Amino acid sequence: GAGVSQTPSNKVTEKGKYVELRCDPISGHTALYWYRQSLGQGPEFLIYFQGTGAADDSGLPNDRFFAVRPEGSVSTLKIQRTERGDSAVYLCASSLTQASGRGEQYFGPGTRLTVT
Amino acid sequence: AQSVAQPEDQVNVAEGNPLTVKCTYSVSGNPYLFWYVQYPNRGLQFLLKYITGDNLVKGSYGFEAEFNKSQTSFHLKKPSALVSDSALYFCAVRDLSNSGYALNFGKGTSLLVTP
């Protein structure tokens with residue numbers, strides 16, 4: 001079946017601009033995660049959705065970052081006033097309900113964001 | 001706080017030899033442990049997980065990992081390496097003692113299998 005998809009695959013933007021990154025999870029997966037992976041590092045957690053609500057946004061670095069999932073499926077990560085330090089690969093993952101915490105997460109291919 | 005350490009940046013092994021990629025963890029409660037593999041320009045792929053029960057877990061592509069509570073380790077192993085196993089490997093932990101559901105990843109180990 002179809003896996004997690006992310007668009008665009010690459011995004012180049014100028015410092016100070018606004019960007020939106022989209023994630024389409026596996027059908028039926030209620031849990032959705034955003035991570036950020038910098039060069040040479042493992043993914044770092046940003047935010048977790050259970051259904052439509054953000055159950056844990058403790059990983060968002062500051063208030064320039066925001067994410068939504070209005071219908072409980074597709075999610076959009078929004079970054080305002082981008083900075084060069086925001087350059088990274090943004091990964092989305094989904095899983096079945098996280099009530100037990102046992103489920104593995106399935107990752108998309110990521111969006112490579114470059115802020116010039 | 002929870003953390004994961006992958007002490008080796010790179011592991012080199014000859015094809016056909018056994019391989020081990022090391023991972024140690026630190027959590028305040030009982031851990032759920034995961035291994036993922038990342039091929040160039042592709043997303044992370046799930047390999048295996050330890051939740052409870054048998055300390056030796058088997059996963060995809062012939063990989064296995066052994067949970068050792070006393071050493072707080074979860075090393076990834078494979079009896080006979082293939083050139084196609086060359087990739088970046090990440091260990092991750094979820095701490096059950098807090099309410100977070102995120103995975104905490106190590107920085108990754110690059111595995112190079114030479115013919």
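Table for the structure above
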| item | result |
| --- | --- |
| Selection within region A:5-26 - open to solvent by less than 80 Å² (accessible area, probe 1.4 Å), assigned to a strand (DSSP E or B) and closer than 14 Å to A:P70 by Cα | A:C23, A:D24 |
| Complete set of residues in region B:50-64 that are closer than 26 Å to B:P40 by Cβ and open to solvent by less than 80 Å² (accessible area, probe 1.4 Å) | B:G59, B:S60, B:G62, B:F63, B:E64 |
| Sole residue being open to solvent by 30 Å² or more (accessible area, probe 1.4 Å), assigned to a strand (DSSP E or B) and aromatic (F, W, Y), chosen from B:F67, B:F34, B:F46, B:F90 | B:F46 |
| Residue within region A:56-76 that is closer than 18 Å to B:G43 by Cβ, of a type in the set (D, E, K, R) and out of contact with any Lys or Arg (no Cβ under 9 Å at 6 or more places or on another chain) present | no |
| Some residue of region B:79-86 being charged (D, E, K, R) and part of a helix (DSSP H, G or I) | yes |
| The lone exception for A:S58 - which of (1) in a loop (DSSP other than H, G, I, E, B); (2) more than 21 Å from B:Y32 (Cα to Cα) it fails | (2) |
| Failed item, numbered, when B:D9 is tested on (1) open to solvent by less than 50 Å² (accessible area, probe 1.4 Å); (2) within 17 Å of B:A87 (Cα to Cα) | (1) |
| Qualifying positions in region A:27-55 - part of a loop (DSSP other than H, G, I, E, B) and open to solvent by 40 Å² or more (accessible area, probe 1.4 Å) | A:S27, A:G28, A:T30, A:S38, A:L39, A:G40, A:Q41, A:T52 |
| Selection count, region B:1-26, where residues are outside any strand (DSSP E or B) and either within 14 Å of B:Q71 (Cβ to Cβ) or of a type in the set (D, E, K, R) (or both) | 6 |
| Unmet criterion (only one of (1) surrounded by 17 or more Cβ atoms within 10 Å (Cβ to Cβ); (2) under 29 Å from A:D56 (Cα atoms); (3) basic (K, R)) for B:K78 | (2) |
| Test: residue in region A:19-38 that is more than 9 Å from chain B (Cβ to nearest Cβ), out of contact with any Lys or Arg (no Cβ under 9 Å at 6 or more places or on another chain) and without any contact (Cβ under 8 Å) to a residue 12 or more places away in the chain | no |
| Selection count where residues are more than 8 Å from chain A (Cβ to nearest Cβ) and assigned to a loop (DSSP other than H, G, I, E, B), scope region B:49-62 | 5 |
| Residue that is farthest from the other protein chains (Cβ to nearest Cβ), among those in region A:96-113 that are open to solvent by 50 Å² or more (accessible area, probe 1.4 Å) and part of a loop (DSSP other than H, G, I, E, B) | A:L96 |
| Cross-chain or 6+ apart pairs with Cβ under 6 Å, region B:86-109 first and at positive phi and facing chain A (nearest Cβ under 7 Å), then at pLDDT 85 or above and surrounded by fewer than 24 Cβ atoms within 10 Å (Cβ to Cβ) | B:G108/A:G42; B:G108/B:L88 |
| Selection status of A:A55, in contact with a Leu (Cβ under 9 Å, 6 or more places away or on another chain), within 11 Å of chain B (Cβ to nearest Cβ) and over 24 Å from B:K107 (Cβ atoms) | no |
| Pair list, Cβ under 6 Å, 6 or more apart: region A:67-95 residue within 22 Å of A:G40 (Cα to Cα) and open to solvent by less than 30 Å² (accessible area, probe 1.4 Å), other residue of a type in the set (A, V, I, L, M, F, W, C) and not in a strand (DSSP E or B) | A:C92/A:V4 |
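The values are calculated or read from the model by the stated rules, or taken from the named source; none is laboratory data. Since the model is a prediction, treat every value here as computed from it, not as a measurement. No Cβ is skipped: glycine too gets one built from the backbone with ideal geometry, and neighbour counts run over all protein chains shown. These accessible areas exclude ligands, DNA and RNA; they are computed on the full protein's heavy atoms, side chains included. Shrake-Rupley method; radii C 1.70, N 1.55, O 1.52, S 1.80 Å.
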